[in-house]
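Step one of this worksheet: look at the structure below.
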């Protein structure tokens, strides 16, 4: 089981990142962007085009970081913050019919927390760039 753990960590990270990458890809198309900005306007957020640009940029960078395993913990933290905001703005649990969608996002947030705590795994750019530091004995 230990030998397969590295592959499973990498697969889990890539699958989680693919979810966000797919969402970012949808936002690149005019219909996806319009729907997202409409939701942001309905939520009463200010400066919607600016916030949308920031959100899309962070979503793209975070999802690519997660998929590639590059600066993985930072990427997962950025995506976690975005998803917390998304969950409460788009699917507030106190509104009838939103609880299931809100809890679905909470499950995804749990996956991101696992990445933050346990790291990217063996098969990632982060793992390849880690060089052990030798310390001199005093």
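Taking the criterion of being in a helix (DSSP H, G or I) and within 19 Å of residue 35 (Cα to Cα), the residues of region 86-107 that qualify are 86, 87, 88, 89, 90, 101, 102, 105. Within region 58-72, does at least one residue satisfy the condition of being exposed (fewer than 15 other Cβ atoms within 10 Å of the Cβ) and assigned to a helix (DSSP H, G or I)? No; the residues of region 58-72 include none that is exposed (fewer than 15 other Cβ atoms within 10 Å of the Cβ) and assigned to a helix (DSSP H, G or I). Listed conditions (1) part of a loop (DSSP other than H, G, I, E, B); (2) under 21 Å from residue 8 (Cβ atoms) are all met by residue 126, apart from (1).
Where a number appears in this text, it was derived from the coordinates with a stated rule and is not lab data. Note that the structure is a prediction, hence the values are computed from the model and not measured. Neighbour counts run over all protein chains shown; Cβ positions are idealised from the backbone, glycine included.
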